[in-house]
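Participant: Before I ask anything, here is the structure I am working with.
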Amino acid sequence: MADRVTVIGWDGSPLTAAARSALGAATLVAGAAHHLALPEVPPAAERIRLGSVSLAARRIAGHRGTAVVLADGDPGFFGVVRTLRAPEFGLEVEVVPAVSSVATAFARAGMPWDDAEVVVAHRRTLRRAVNVCRAHPKVAVLTSPGAGPAELGLLLEGVHRTFVVCEELGTDRERVSVLTSDKAVDHTWRDPNVVIVIGGPVTVGDGGGWLAGRDPAAGPRGWALPAEAYGGDLGEGESDLLRVAQLARLGPRVGDLVWDIGCGSGAFATEAARAGAAVLAVDHDLHACARTDAAARRHGVQLQIVRGTAPHVLENLPEPDVVRVGGGGAAVVSAVADRRPQRIVTHAATRDTAERVGRDLTEHGYLVECALVQSVQLDTRRWTETERSVAFLLSGVLPDRRT
């Protein structure tokens with residue numbers, strides 16, 4: 001095992017005395033090509049071009065001597081420190097930090113970033129990173145080869161965003177470009193890069209915020225706001241308690257893409273967006289689309305509205321994680337199940353319809369639950385009934401995709 005492992009963050013600034021001292025004593029140095037070209041790297045030291053951090057960690061663990069790992073930005077922020085400290089390698093590391101590439105990118109843009117979401121885009125996480133960019137007004141994306149600005153722009157088709165692309169920060173080849181997301185697809189970008197994605201109003205309360213990223217306490221309390229919050233008269237299938245049950249079954253969260261088919265007043269779509277998810281709200285009715293847009297604006301959330309008739313309009317939509325079917329019946333539920341989202345929730349007015357939908361979900365491989373949900377609203381001044389709603393709540397979960 002290496003006698004000593006030091007991880008040095010590099011942001012283009014001159015190395016500190018501690019970093020120079022560690023490098024001077026190193027018998028093995030791992031880093032990217034521009035790190036290994038630094039004049040402070042000892043000529044006699046073994047050099048490892050850093051690609052897979054896990055492979056490099058195995059080499060370091062088997063090395064007898066003093067090892068140094070050079071990494072861009074702050075190596076403890078979505079960086080190599082986590083991998084090097086993994087139990088299977090048994091490495092104890094010392095860290096010499098630097099300014100993170102995210103902080104540098106926002107500095108180049110002249111913007112604060114305590115209210116920004118920060119995500120990492122690899123090939124396996126690219127879709128979830130894009131969903132965060134759909135849902136939030138300010139996002140920093142740490143990219144990787146194959147999951148860079150062009151891929152982000154391609155998957156954001158139909159959603160207008162501004163990109164601030166910061167390439168090779170801290171080097172002589174540093175470049176900062178500002179362009180719209182659709183234009184990013186037409187460029188070839190140099191690695192490494194950070195993309196700041198801006199869309200919609202970015203607002204922080206007087207005196208700034210108190211929590212980095214999205215404030216989950218923003219807006220009124222409650223999982224499902226009363227009908228008055230959405231202009232009243234929500235119609236069949238949009239009662240507060242049914243909406244609470246639907247949200248509980250689906251559990252929309254940051255990184256998810258939610259389809260709300262038959263969005264009606266926009267109440268469910270807005271609630272899902274308040275939970276941090278990206279939302280596609282679908283309805284054939286122009287008035288419903290307008291109400292949904294107004295509800296989203298009123299509650300300060302971002303969602304994409306698609307006007308069209310399901311199931312045909314669903315064919316070209318990006319893959320969902322969870323889906324609420326608020327309208328369209330069994331045919332729409334079946335078309336949604338063909339797309340294999342993790343969870344589906346819908347409601348039916350009669351038991352026969354509920355059985356038909358439940359059987360279809362079962363045939364698609366979903367585990368199905370059904371409950372009769374009845375809510376009665378009372379006027380508490382006289383304790384008299386003012387409104388009653390009854391619905392069969394159906395939910396389907398793919399057994400191999402429960403999380």
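The values are calculated or read from the model by the stated rules, or taken from the named source; none is laboratory data. Just so it is clear, the structure is predicted and the values come from calculations on it, not from any experiment. Note that we place each Cβ from the backbone using ideal geometry, even for glycine, and neighbour counts take in every protein chain shown. Ligands, DNA and RNA are excluded from the accessible area calculation, which covers all protein heavy atoms including side chains. Shrake-Rupley method; radii C 1.70, N 1.55, O 1.52, S 1.80 Å.
Participant: Restricting to segment 3-37, count the residues that are in contact (Cβ under 8 Å) with a residue 40 or more places away in the chain, of a type in the set (S, T, N, Q) and within 19 Å of G65 (Cβ to Cβ).
Facilitator: So the answer is 2.
Participant: Right, another one. Of everything in segment 272-309 that's in contact (Cβ under 8 Å) with a residue 40 or more places away in the chain and touching a Phe, Trp or Tyr at 6+ places or on another chain (Cβ under 7 Å), which residue is farthest from R128 (Cα to Cα)?
Facilitator: A295
Participant: Take segment 77-124 and flag every residue that is open to solvent by 40 Å² or more (accessible area, probe 1.4 Å), farther than 14 Å from A61 by Cα and either among the basic types (K, R) or in contact with a Lys or Arg (Cβ under 6 Å, 6 or more places away or on another chain) (or both).
Facilitator: R82, R108, R123, R124
Participant: Which of the residues that make up segment 238-264 are free of Cβ contacts under 8 Å to residues at least 40 places away in the same chain, more than 21 Å from the chain's Cα centre (by Cα) and open to solvent by 10 Å² or more (accessible area, probe 1.4 Å)?
Facilitator: V244
Participant: Give all pairs with beta carbons closer than 6 Å in which a residue from segment 376-403 that is among the aromatic types (F, W, Y) and open to solvent by less than 60 Å² (accessible area, probe 1.4 Å) meets a residue that is at pLDDT below 85 and outside any strand (DSSP E or B); count only pairs at least 6 apart in sequence or on separate chains.
Facilitator: Partner pairs satisfying both residue conditions: none exist.
Participant: Could you say which residue among R85, R124 is at pLDDT below 95, closer than 15 Å to T143 by Cα, of a type in the set (D, E, K, R) and out of contact with any Gly (no Cβ under 9 Å at 6 or more places or on another chain)?
Facilitator: R124
Participant: May I ask you to verify whether R324 is of a type in the set (K, R), open to solvent by less than 30 Å² (accessible area, probe 1.4 Å) and touching an Asp or Glu at 6+ places or on another chain (Cβ under 9 Å)?
Facilitator: yes
Participant: With the checklist (1) open to solvent by less than 40 Å² (accessible area, probe 1.4 Å); (2) at pLDDT 90 or above in hand, flag the one item A229 doesn't pass.
Facilitator: Among (1) open to solvent by less than 40 Å² (accessible area, probe 1.4 Å); (2) at pLDDT 90 or above, A229 violates only (2).
Participant: I would also like to ask the following. Have a look at V357, V368 and point out the one that is in a strand (DSSP E or B), closer than 23 Å to L241 by Cα, without any contact (Cβ under 8 Å) to a residue 40 or more places away in the chain and within 32 Å of the chain's Cα centre (by Cα).
Facilitator: Only one candidate passes the filter, namely V368.
Participant: Run R343 past the list (1) under 30 Å from the mean Cα position of the chain (by Cα); (2) at positive phi; (3) open to solvent by 40 Å² or more (accessible area, probe 1.4 Å) and report the number of the one that doesn't hold.
Facilitator: Of everything listed in (1) under 30 Å from the mean Cα position of the chain (by Cα); (2) at positive phi; (3) open to solvent by 40 Å² or more (accessible area, probe 1.4 Å), R343 misses just condition (2).
Table: residues versus (1) among the β-branched types (V, I, T); (2) touching a strand residue (DSSP E or B) at 6+ places or on another chain (Cβ under 9 Å); (3) surrounded by fewer than 17 Cβ atoms within 10 Å (Cβ to Cβ); (4) assigned to a loop (DSSP other than H, G, I, E, B).
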{"residue": "G9", "(1), (2), (3), (4)": "no, yes, no, no"}
{"residue": "S13", "(1), (2), (3), (4)": "no, no, yes, yes"}
{"residue": "A22", "(1), (2), (3), (4)": "no, yes, no, no"}
{"residue": "V29", "(1), (2), (3), (4)": "yes, yes, no, no"}
{"residue": "S54", "(1), (2), (3), (4)": "no, no, yes, no"}
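Participant: Another question, then. Condition first: touching a helix residue (DSSP H, G or I) at 6+ places or on another chain (Cβ under 9 Å), closer than 19 Å to L23 by Cα and not charged (D, E, K, R). Now tell me which residues in segment 80-97 satisfy that.
Facilitator: V80, L84, L91, V93, V95, V96
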